1. Restricting segment 406-464 to residues that are polar (S, T, N, Q) and outside any loop (DSSP other than H, G, I, E, B), which is nearest to the chain's Cα centre (by Cα)?
2. Scan the helices (runs of 4 or more DSSP H) fully inside segment 244-345 and keep the ones with 2 or more residues being over 22 Å from residue 177 (Cβ atoms) and aromatic (Phe, Trp, Tyr).
3. From the residues in segment 137-180 that are in contact with a Gly (Cβ under 9 Å, 6 or more places away or on another chain) and of a type in the set (A, V, I, L, M), which one is modelled with the lowest pLDDT?
4. Output the residues belonging to segment 309-366 that are among the β-branched types (Val, Ile, Thr) and touching a residue at least 60 places away in the same chain (Cβ under 8 Å).
Amino acid sequence: IFILIIINQIITGNTLHCGNSLIKHKEPGFINDISSKRNLEETEYKPIRIKVDYTQLKLDTELYSDIFDIIKSSLESAINYFESLIKVEYVSIEQLSHQSYESECDIDNVDEDIINWSSNYDLILFPSFEYDNPVANVYASAYACYLLKSNSRPSAGRIYIQNNFNFKKNNIKIFLQNILFHEITHIFVFDPFLLKRFNAIKTIYKNDESISVISTSKVLEKARLHFNCDKLDGVPLENEGGAGSENSHWESRYMLGDYMISNNYYEVVISDITLALFEDSGWYKVNYYTGGLFRFGKNIGCDFFEKKCIENRKSIFPNEFCHKKKEPKCLNSHLGIGECYIMEYEKGEIPSKYTYFKDEKLGGQYYMEFCPVADMYLKENTNISYLETSCKYGDSLNLFEHYGEVIGNNSICFESSLIPRYSPQPYKWRTICYPISCDRKNKKVIVYVNDLSVVCPTKGGTLKNIKGFKGKINCPEYNLICTSNIWCNDMYDCIDKQSIADESTYLAYTSNNNEKDL
């Protein structure tokens, strides 16, 4: 059954973008180090310094220089953003031989100058590219291969990049950058072996089943604030997918959209919850430049963890889950367009506890515990561009320009049937990207449709009778969209602008689940 489910996911395009634990790496080695400070009170944290040894990657791609350039550009960009987010204590470490790195990091070729890098950098990365025999359905994997002896902080890591990319597609660099940003996080902290070093994983019991969760102090603080659930006792880890994903990623059912879930979702953001995990390790200090873009389950309350996603064949969390196949629906953080993804499985593939419809063969994604969500699988032209459904990057998305669609830095997704009043075309619901601005004084989202400014109600709702248009537009709640102190519309944009989450938007969930005309 498991194999059949995975085959179904491959057919529908749900790529397991990370095979972190599929690589049977041994436990990391240790490097002797001496702290530059005498006690914790004197510890000074400075931006992390990361060095990449490209020796093996160059050998792997020597016949494909264009591929090397793309990988290097994406990797260095990801590293630059980490250097803006992460701070560490600088230490002096023991010099290791080439052979030591080759043995512990499973690398055949090491730059001859590497022995001089160790004292000047806090993390050394060894990327390689598997061109001939990539792991099926996996983009990349990574692990820490050396730790500091004094506190177990990772000091070297291995990255395996699989040849499962189309390097000719538009947006390949930003798509690959997302993947590498994810993989480097496995080297930093999000690996079962590393999590055990600071007792991060806890087992709890729910409905007589054991669940692995992260319940460290800052993670709990950020998660309880985000979900509006003071009694939350841990953020669940992935329990599906076997060794390639379980216990080394967040559970997608609760953390969809965060960049540290295991499956390939096309809306990628950084959550305060993930950055809190870095700090809880004791190895890092972080800048919380997330812009509050992680919006899945925001403000819903403890019901999000205690109830099913679908009850009586209807979603009880309408911003998160859906129940009508192919219904136009924005991706959860409203950064991209999508449709309600429901597929038909073979009889018996969906466990009874995850059946939500009268037809027991219908369900959502495997990694979502079969909960239906908005996704981009049913869109066309996927061979043209990565991220084509993004309201910021979707350069092949301009299908509705005459309806006011704009792809750009200030655009988000709306569910809308608006068309010019005198248009001969019939109006029907679609997902479409409109520019917006945030009226913070009055707590209103302002939407720009052609030359018209549409003011959305604070609590959201459905607007009709808009001057010059026929049809309707669904307005999201203000607290769900205007989430940052400085507007940003992409996780890297948030880092560049040093945008942090606006905590005033973490209020009790106020949206009305029923459509209303305003």
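1. 411
2. 303-306
3. Per the stated criteria, the residue is 138.
4. 310, 316, 337
One line per residue, one yes/no per condition, for (1) under 23 Å from residue 66 (Cβ atoms); (2) among the polar types (S, T, N, Q); (3) surrounded by fewer than 24 Cβ atoms within 10 Å (Cβ to Cβ):
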residue	(1), (2), (3)
155	no, yes, no
158	no, no, no
163	yes, yes, yes
167	yes, no, yes
174	yes, no, yes
183	yes, no, no
190	no, no, no
194	no, no, yes
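The values are calculated or read from the model by the stated rules, or taken from the named source; none is laboratory data. Worth saying up front: this structure is predicted, and the values here are computed from it rather than measured. A quick note on method: Cβ atoms are made from the backbone with ideal geometry, for glycine too, and the neighbour counts reach across all protein chains shown.
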